[in-house]
Amino acid sequence: MSTHTNPPPPAHPLKAPRERLVVVGNGMAGIRTLEELLAKAPDRYDITVFGAEPHPNYNRIMLSPVLAGEKTFEQIVLNGRDWYEANGIKLLTGDRVEAVDRANRTVTAMSGLTVAYDRLLIATGSTPFIIPVPGATLPGVVGFRDLADVETMLEAAARGGRAVVIGGGLLGLEAANGLKVKGMDVTVLHLMDTLMERQLDRSAGALLRHELEGRGIAVLTGADTAEIVGNERVSAVRLKNGQELPADLVVMAVGIRPNMALGKAAGLACGRGIQVDDAMTTSDPAILSVGECVEHRGQTYGLVAPLFEMAKVAADRLAGGVESAYTGSVTSTKLKVTGVDVFSAGDFTGGKDCEDIVFRDAARGVYKRVVVKENRILGAVLYGDTKDGGWYFQMLKDGTEVAPVRDTLIFGPNFGGGFGGEGAANPKAAVAALPDSAEICGCNGVCKGTIVKAITEKGLSSLDEVRAHTKASASCGSCTGQVEQLLALTLGDGYAGEAKAKPMCKCTDRTHDEVRRAITALELKSIPDVMQRLEWRTPDGCHHCRPALNYYLLCEWPGEYKDDSRSRYINERVHANIQKDGTYSVVPRMWGGLTSAKELRAIADVVDKFAIPTVKVTGGQRIDLFGVKKEDLPAVWADLNAAGMVSGHAYAKGLRTVKTCVGSEWCRFGTQDSTGLGVKLERMTWGTWTPHKVKLAVSGCPRNCAEATIKDLGVVCVDSGYELHVGGNGGMHVRACDLLVKVETEAEVLEYTGAYMQLYREEARYLERTAPWLERVGLDHIKRRLVDDPEGRAALNARFLFSQSFSQDDPWAERASGSVDRHEFAPLAQVG
Amino acid sequence: MDQSISWITVGSVEDIPRQGSRVVRTEGGDIALFRTVTDEVYALEDRCPHAGGPLSQGIVHGARVTCPLHNWVIDLASGEAVGPDEGCAGHCPVRVVDGTVQLGLAAFRPGRGGCGHG
């Protein structure tokens, strides 16, 4: 092989010697160019192809099905060796070209072989990006780029064990799915919070995550890899947060980099790739380049469609005669994971002057979003039903005016004729047409006949009665409309309709209670999840629903749901109270209203050090520091933390204060240790998140100096024990508490308090204080749950304490150390 | 936009939390940069037209922000309050180039009270 000389001009009696074309790269772009070229000018060149891999040309994008065992390598070969032979192409596989001598127009390969060219086509593709962490070169760490990588993965999978895939993009997820199918335990680590964030928006990303998790693939988002651990081969992956994941195989799929080494060494103009013009020609007119190795108009591409468009232009230019130009590509993506239909195309980020058309069909797990600007499609994301992807993509590429079909665009091209019949237009007729055996409520398996029978035989006349008797519509509520239609059909004019409860906000028709039921019944665990399954009308909600959903999820899934700071009102996001001039106030916690010289001294020092203009004693028995600049907050907190103080949560829909009087320790009338009990209550309840603010108080005798009977929960100590009063507040509509129960011991006070807090957390609507909640549900209901049901009370208290085990970290300390939300407290830049 | 705008790089898109905001301090007052859930970036004067509240501290939803002081909702593209409220926060030309955020500060006219367009 190394003695090979330049191919001599073929002996052709009638024609001049043919030009020599050398192609470096035996991949999809290079060979597609040849296919196009052979179709146009089959005899123009003597062609030599170098391939670094030992295989003929194969379909790289089908490696995922090979990994998953759905296809064999033979099935993805595009052109076998016979094709090269038939076209007179010299194919040199397993020999990487290492140098280009532009002056003498030759290329030299690893084997030493030198071949001369008149035209050179560089199609070296890309290489997987290996993140530069310690251990990245250990055996057992692979990219996902070529057949060799797939073979390595298949060997590892045959031994079973654990695989960690770094990168939750297209390739990473396909690799993860393949390895899972092959029987490995698979965890995907993704740096961003949305899977495939370059192709999917958050809603579609959440659905995808759901699906993959359902297949047993663990997904960790926000996961930043620090190190690949192992001695002789990989044994684990360690994250920056310290978490360590055991691994027998690590697949790096964080991205690709144009492989431009050859072009660079040859002195061609390179940026992020080998730079080419619209004719696919490099800075050397004799050299063309196509595929993932090029940079065109500042863009690089990693998908197959642009490569083919480039190949066409390069072939035209090589064939001569046609001055076609490549002007860049609009790309679309499909995920090749069997059973998961994901499509995205164009620019779906939305924004200025863009309209979002969103369609969600929770029952079928379908999400579609088409972004329209000036009556033309700008981008599309489809999940679950991608059959119309090509239709949208074509209109996108053609710039088709969509105004005439704007109203039905989201339903796809088959709308008018397909399903626009009588049934769809009239929901009542649709329900009437269903057979008795048709299932109405999927959650509880209730069919139409059962509901109709219950309505007629039991004389039901409202949705609530149907729910109570049949359980239909009692869980997720998505069949509520159909149940109402059945009431109307069965009772005729006898059905008065439902007094419509107010929807949560303009983003949905569901009420707070319906949304909460659905979160529980459908096990919804993120805000995008809720919005998708409950068919939200807006892409990401509004300032009414987002904080409410964040609270409901936090309450339902303690320790599991990750708080969404972007759905928090500013005060809860930065743990201070915003004031009218944009400064903040800071209130450190004083347990039960107690303080000390050390604390007061630290407060005084902070006031001096940060020139805090106003210091005020609050109604909740603590001290408020007003006029703190936002960027000073972490330093103020650090100083207060140093003196042992933590956040007073004076800003939170959560436990604020426990106000006390001095009680039996000092007061001549005191009957119990009210201060001590107050401290215990505050230690137990601080840090909790609740539907609205919660204030407690403990008075040491019926004189009630702590004003306990206008608190959310007030304890009044008496000689024989403790009275518990609930549901009071000061404020605009003063409400005195109702007496809930009298108990004998502090332990009972604590248990009742935990249970009451939890009942309020679970039942009240977001931003509903205990007073209106109590008036809505009735004191009897609360007594039934807490007083008459000791087991239920204990269970509520246990749930409260469990949730508290995740909520009692001082938010100030986390932020003072700079480890949480550092960006909140510093300007992005200072200019001018 | 006219060609006389000179663009100043102030940071990268990634520096702004998604559905969040960061502040750029300028001699003419603070500018709030917003990044929507779909990674669109906008820049407004960091003052609500109603009572001067810092819009950068609000909840970002769609291409809107809700002022933290009295819940006025401001359209990020135009700076205008969403009906029935009326008023407009001055807006500042902004563009994203290769992931970096650039402001056209010369064209920014703070504190106009009315619409800051153009």
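The values are calculated or read from the model by the stated rules, or taken from the named source; none is laboratory data. Model, not experiment: these values are computed from the prediction. Glycine also receives a Cβ, built like all others from the backbone with ideal geometry; neighbour counts cover every protein chain displayed. Just so you know, the surface numbers come from the protein's heavy atoms only, side chains and all, with ligands and any DNA or RNA stripped out. Shrake-Rupley method; radii C 1.70, N 1.55, O 1.52, S 1.80 Å.
State which residue pairs qualify: first residue under 25 Å from A:Val150 (Cα atoms) and open to solvent by less than 20 Å² (accessible area, probe 1.4 Å) and inside the stretch A:240-253, second residue β-branched (Val, Ile, Thr) and assigned to a loop (DSSP other than H, G, I, E, B) in any location, beta carbons under 8 Å apart, and separation of 6 or more residues or different chains.
Correct list of pairs: A:Met252/A:Ile130; A:Met252/A:Ile131.
Quick check, is A:His512 within 14 Å of chain B (Cβ to nearest Cβ) and either within 17 Å of A:Thr480 (Cβ to Cβ) or out of contact with any Leu (no Cβ under 7 Å at 6 or more places or on another chain) (or both)?
Numbers: within 14 Å of chain B (Cβ to nearest Cβ): no; either within 17 Å of A:Thr480 (Cβ to Cβ) or out of contact with any Leu (no Cβ under 7 Å at 6 or more places or on another chain) (or both): yes.
No: the conditions fail for A:His512.
Just for the stretch A:515-547: of the residues that are more than 11 Å from every other protein chain (Cβ to nearest Cβ), basic (Lys, Arg) and not in a loop (DSSP other than H, G, I, E, B), which one is nearest to A:Arg369 (Cα to Cα)?
A:Arg533
Suppose we filter A:Cys479, A:Cys505 for residues that are within 27 Å of A:Lys368 (Cα to Cα), more than 18 Å from the chain's Cα centre (by Cα), in the same structural domain as A:Val452 (by TED's automatic domain parsing) and open to solvent by less than 40 Å² (accessible area, probe 1.4 Å); which single one remains?
Numbers: A:Cys505 fails: in the same structural domain as A:Val452 (by TED's automatic domain parsing).
Only one candidate passes the filter, namely A:Cys479.
Tell me, which helices (runs of 4 or more DSSP H) wholly within the stretch A:34-107 include 3 or more residues that are crowded, with 16+ Cβ neighbours inside 10 Å?
Per the criteria, A:63-67.
Please go through the stretch A:270-298 and pick out each residue that is within 24 Å of A:Asp146 (Cβ to Cβ) and open to solvent by 30 Å² or more (accessible area, probe 1.4 Å).
Answer for the stretch A:270-298, where residues must be within 24 Å of A:Asp146 (Cβ to Cβ) and open to solvent by 30 Å² or more (accessible area, probe 1.4 Å): A:Cys270, A:Arg272.
Among (1) farther than 28 Å from A:Arg364 by Cβ; (2) modelled with pLDDT of 85 or more, which single condition is A:His469 missing?
The single condition A:His469 does not satisfy is (2).
Among all residue pairs at least 6 apart or on different chains, which show Cβ distances below 6 Å where the first residue, located in the stretch A:379-398, is among the polar types (S, T, N, Q) and the second is open to solvent by less than 20 Å² (accessible area, probe 1.4 Å)?
A:Thr386/A:Phe343
In the list B:Ile8, B:Ile16, which residue meets the criterion of being in contact with a strand residue (DSSP E or B) (Cβ under 7 Å, 6 or more places away or on another chain), open to solvent by less than 20 Å² (accessible area, probe 1.4 Å) and at the interface with another protein chain (Cβ under 9 Å from one of its Cβ atoms)? Quick ask: steps written out before the conclusion?
Working: B:Ile8 fails: open to solvent by less than 20 Å² (accessible area, probe 1.4 Å).
Result of the check over B:Ile8, B:Ile16: B:Ile16.
Only one of A:Arg793, A:Arg765, A:Arg776 is surrounded by fewer than 21 Cβ atoms within 10 Å (Cβ to Cβ), under 41 Å from the mean Cα position of the chain (by Cα) and either without any contact (Cβ under 8 Å) to a residue 40 or more places away in the chain or over 15 Å from A:His692 (Cβ atoms) (or both). Can you tell me which? Don't jump to the end; show me each part of the working.
Details: A:Arg793 fails: surrounded by fewer than 21 Cβ atoms within 10 Å (Cβ to Cβ); A:Arg765 fails: either without any contact (Cβ under 8 Å) to a residue 40 or more places away in the chain or over 15 Å from A:His692 (Cβ atoms) (or both).
It is A:Arg776.
Checking B:Leu44 against (1) surrounded by 24 or more Cβ atoms within 10 Å (Cβ to Cβ); (2) at the interface with chain A (Cβ under 10 Å from one of its Cβ atoms); (3) in contact with a strand residue (DSSP E or B) (Cβ under 7 Å, 6 or more places away or on another chain), which single condition isn't satisfied?
(2)
Yes or no: the stretch A:415-427 includes at least one residue that is at pLDDT 80 or above, in a helix (DSSP H, G or I) and under 22 Å from A:Trp536 (Cα atoms). So that I can check it myself, show each step before the final result.
Looking only at the stretch A:415-427, we keep the residues that are at pLDDT 80 or above, and these are none.
Looking through the stretch A:415-427, none of the residues is at pLDDT 80 or above, in a helix (DSSP H, G or I) and under 22 Å from A:Trp536 (Cα atoms).
What are the residues in the stretch A:331-355 that are more than 20 Å from B:Ala43 (Cα to Cα), open to solvent by 60 Å² or more (accessible area, probe 1.4 Å) and not in a strand (DSSP E or B), if any?
Scanning the stretch A:331-355 gives A:Lys336, A:Thr338, A:Gly339, A:Asp341, A:Asp347.
Provide a single number: the residues in the stretch A:143-166 that are out of contact with any strand residue (DSSP E or B) (no Cβ under 6 Å at 6 or more places or on another chain) and within 26 Å of A:Asn26 (Cβ to Cβ). First the steps, then the outcome.
Step one: filter the stretch A:143-166 for residues out of contact with any strand residue (DSSP E or B) (no Cβ under 6 Å at 6 or more places or on another chain), giving A:146-148, A:150-151, A:153-155, A:157-161.
Retained after the next criterion (residues that are within 26 Å of A:Asn26 (Cβ to Cβ)): A:146-148, A:150-151, A:153-155.
Qualifying residue count, the stretch A:143-166: 8.
Among the candidates A:Arg215, A:Arg257, A:Arg198, A:Arg233, single out the residue that is surrounded by fewer than 16 Cβ atoms within 10 Å (Cβ to Cβ) and under 30 Å from A:Val290 (Cβ atoms).
Working: A:Arg215 fails: under 30 Å from A:Val290 (Cβ atoms); A:Arg257 fails: surrounded by fewer than 16 Cβ atoms within 10 Å (Cβ to Cβ); A:Arg233 fails: under 30 Å from A:Val290 (Cβ atoms).
Every option except A:Arg198 fails the conditions.
How many residues are at the interface with another protein chain (Cβ under 9 Å from one of its Cβ atoms), open to solvent by 20 Å² or more (accessible area, probe 1.4 Å) and assigned to a loop (DSSP other than H, G, I, E, B) when one looks only at the stretch B:55-77?
5
Which one of these does A:Leu220 not meet: (1) outside any loop (DSSP other than H, G, I, E, B); (2) open to solvent by 20 Å² or more (accessible area, probe 1.4 Å); (3) over 23 Å from A:Ala136 (Cβ atoms)?
(3)
Open to solvent by 20 Å² or more (accessible area, probe 1.4 Å), over 30 Å from A:Val188 (Cβ atoms), not in a strand (DSSP E or B) and not assigned by TED's automatic domain parsing to the domain that holds A:Arg102: does that describe A:Gly267? Quick ask: steps written out before the conclusion?
Numbers: open to solvent by 20 Å² or more (accessible area, probe 1.4 Å): yes; over 30 Å from A:Val188 (Cβ atoms): yes; not in a strand (DSSP E or B): yes; not assigned by TED's automatic domain parsing to the domain that holds A:Arg102: no.
So A:Gly267 does not fit the description; no.
Before we move on, is A:Asp193 touching a strand residue (DSSP E or B) at 6+ places or on another chain (Cβ under 6 Å) and modelled with pLDDT under 90?
On the way: touching a strand residue (DSSP E or B) at 6+ places or on another chain (Cβ under 6 Å): yes; modelled with pLDDT under 90: yes.
Yes.
Filter the stretch A:550-571 down to the residues that are within 18 Å of the chain's Cα centre (by Cα) and within 14 Å of chain B (Cβ to nearest Cβ), then identify the one that is most open to solvent (accessible area, probe 1.4 Å).
Selected residue: A:Asp563.
Can you name the residue in the stretch A:515-539 that is open to solvent by 50 Å² or more (accessible area, probe 1.4 Å) and touching a Leu at 6+ places or on another chain (Cβ under 9 Å) and is also nearest to A:Leu759 (Cα to Cα) among such residues? Before the answer, list the steps.
First, pick out the residues of the stretch A:515-539 that are open to solvent by 50 Å² or more (accessible area, probe 1.4 Å): A:517, A:520, A:523, A:525, A:533, A:535, A:537.
Still in the running and touching a Leu at 6+ places or on another chain (Cβ under 9 Å): A:525, A:533.
Numbers: A:Lys525: 21, A:Arg533: 26 Å.
Restricting to residues being open to solvent by 50 Å² or more (accessible area, probe 1.4 Å) and touching a Leu at 6+ places or on another chain (Cβ under 9 Å), the top hit is A:Lys525.
What's the number of the condition A:Val574 fails, among (1) under 28 Å from A:Leu220 (Cβ atoms); (2) open to solvent by 20 Å² or more (accessible area, probe 1.4 Å)?
So A:Val574 meets the others, but not (2).
Out of everything in the stretch A:593-645 that is in contact (Cβ under 8 Å) with a residue 40 or more places away in the chain and basic (Lys, Arg), what residue ends up being most open to solvent (accessible area, probe 1.4 Å)?
Across the stretch A:593-645, the extreme among qualifying residues is A:Arg601.
Return the only residue of A:Thr671, A:Thr660 being open to solvent by 20 Å² or more (accessible area, probe 1.4 Å), under 30 Å from A:Cys701 (Cβ atoms) and assigned by TED's automatic domain parsing to the domain that holds A:Cys705. If you could, list the steps in order and put the result at the bottom.
Details: A:Thr660 fails: open to solvent by 20 Å² or more (accessible area, probe 1.4 Å).
Just a single option satisfies the conditions, and that option is A:Thr671.
Of everything in the stretch B:24-37 that's within 8 Å of chain A (Cβ to nearest Cβ) and open to solvent by less than 20 Å² (accessible area, probe 1.4 Å), which residue is farthest from A:Gly222 (Cα to Cα)?
B:Val24
State yes or no: is A:Gln485 not assigned by TED's automatic domain parsing to the domain that holds A:Asp563 and not small (Gly, Ala, Ser)? Working first, answer last.
Working: not assigned by TED's automatic domain parsing to the domain that holds A:Asp563: yes; not small (Gly, Ala, Ser): yes.
For A:Gln485, the condition - not assigned by TED's automatic domain parsing to the domain that holds A:Asp563 and not small (Gly, Ala, Ser) - is met.
Hey, among A:Ile377, A:Ile357, which residue is among the aliphatic types (A, V, I, L, M) and either within 14 Å of chain B (Cβ to nearest Cβ) or touching a Cys at 6+ places or on another chain (Cβ under 7 Å) (or both)? Outline the logic, then answer.
On the way: A:Ile377 fails: either within 14 Å of chain B (Cβ to nearest Cβ) or touching a Cys at 6+ places or on another chain (Cβ under 7 Å) (or both).
That would be A:Ile357, the only listed residue that is among the aliphatic types (A, V, I, L, M) and either within 14 Å of chain B (Cβ to nearest Cβ) or touching a Cys at 6+ places or on another chain (Cβ under 7 Å) (or both).
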